[in-house]
1. Mind ranking 256-268, 138-150 by how tightly packed they are, going by the mean number of other C-beta atoms within 10 angstrom, highest first?
2. With a bin width of 20 angstrom, please list the P(r) values of the chain as percents of all Cα-Cα pairs, from the 0 bin to the one holding the largest distance.
3. How much length, in nm to one decimal, is gained on full extension between residue 160 and residue 41, taken as 0.36 nm per residue of separation minus their Cα-Cα distance?
4. Which of the three applies to region 250-380, rounded, prolate or oblate, going by the alpha-carbon gyration tensor with a ≥ b ≥ c and a/c under 1.5 meaning rounded?
5. Using only Cα atoms, locate the centre of region 192-236 and the centre of region 247-296, then give the distance between them in Å, rounded to an integer.
6. Using per-residue counts of other Cβ atoms within 10 Å, averaged over each peptide, order 228-234, 185-191 from highest down.
7. From the helices alone, meaning DSSP H stretches of at least four residues, give me the mean residue ellipticity at 222 nm for the chain, per-run term -39500 (n - 2.57), in deg cm²/dmol to the nearest 500.
8. Among the listed pairs 268/373; 60/199; 107/289, which have their C-alpha atoms separated by more than 27 angstrom in this model?
Amino acid sequence: MNYGFQTALIHLGEKPFFDNPEGDVVKSIHLTSTYQLESLEPTGLFYQRYNNQTRETLEKKLAYIEKANYCLVFSSGMAAITSCLFSLLNPSNKVLAFDDLYSVTKKIFNHFLPKYNIKVDYVDFTQNIDNIDFTEYCLVWLESPTNPLMKTVNVNQLIKKIKSKNPEIIIVFDNTFLTPYFYNPLADQVDIVVHSLTKYLNGHSDSIGGAVMLNNPSLYEKIKQYRDSFGNQLSPFDSYLILRGLKTLSIRMEKHQQNAIKVVEFLKTQDFVQEVFFPKIENLSPNVKGLGGTFSFTVNLDQEDIYRFISSLKLISHAVSLGGVESLICVPYYSTHKGIENIPNNLIRLSVGIEEVEDIIEDLKQAFLNTSKKNISKSIT
Ligand SMILES: Cc1ncc(COP(=O)(O)O)c(C=O)c1O
């Protein structure tokens, strides 16, 4: 049956008539580590590293909303990312990656892939790419918007261009920021979509997980065999938490975005704010339907005053991560992106939660005021 996005979020794999023989309205947490075998060479449920009913319900639901044939869930976003890389790449392969990416993905590219003689080149995909020889590369790694500089590309146009030069190339897209609610990258010829489930998909900052979604059966088999052997799949309990969080994804994403737009407007009026990096939807693929609630901005404050501003916040938590119902703020240069080139030390990343937006703005206002009061007293003394 072809159900709408929000109906699938709530019911797929859970309500009795959706392939759920136990009759539970909500999928339960299956904890068994092993299963009674039905023959000497079993074909069905076998051992929790390979099969688990709660995990597979989550996979079914995620595949449906990402419009993918297959989904595999992992113990973290990084487990999903590394499993793709290490199952698909071979020594002497070359990877081309966006120059702004989540820092730990870059860490894998810079420190771990070279151990296997796999080289990664970086490019700013917002610039002209006509001179790149794509036949040299077997895999391209994309985020859009990127974390944390919020660089954006029209993935639809970009991939057409890349595949016209090398049809065999595998395109991987990290869709953590937009989520399947706002964007389904497989429709733009992306081959593999990865997610940190930790962020918007779970949405409640109480679980860590990752997912890989794709249509190609042979790539799926390679990644699955890797996961089944390395044992980095999602636990039944985390699968349950993420299934629960997912049910409100549409409503949360709309509210995150509404709040973020108002907070951006407010920040643009503030003297301490230099530039706000909030993506423009017209720069993205025409298939992108919204932007979510995370963005960055630079401030004309020194390190001490940035800390004063951040630590004056009462409602917004100074914490890394993003995509939870609560607003979170961090300074990537010192935390998430420590040691990564070209990240300004006055860049602040804000994940706008779904609290009342007036309260979020009030909190920012009083923290700016507290910072400016200190600056006035500094100039008097
Ligand atoms: C865009 C992006 N991808 C992947 C990850 C890694 O996810 P996890 O922390 O679940 O391993 C993050 C974490 O912040 C992220 O922001």
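What follows is calculated from the coordinates using simple rules that are stated; it is not laboratory data. Note that this is a predicted model, so its numbers are computed, not measured. Here the Cβ is made from the backbone with ideal geometry for all residues, glycine too, and neighbour counts use every protein chain on show.
1. Descending packing order for the listed peptides: 138-150, 256-268.
2. 27, 54, 17, 1, 0
3. Gain on extension, residue 160 to residue 41, equals 38.3 nm.
4. Prolate, because a/c is 1.5 or more and a/b exceeds b/c.
5. Measuring centre to centre over Cα atoms gives 26 Å.
6. Final packing ranking: 185-191, 228-234.
7. Computed ellipticity for the chain at 222 nm equals -10500 deg cm²/dmol.
8. Long pairs (Cα-Cα over 27 Å): 107/289.
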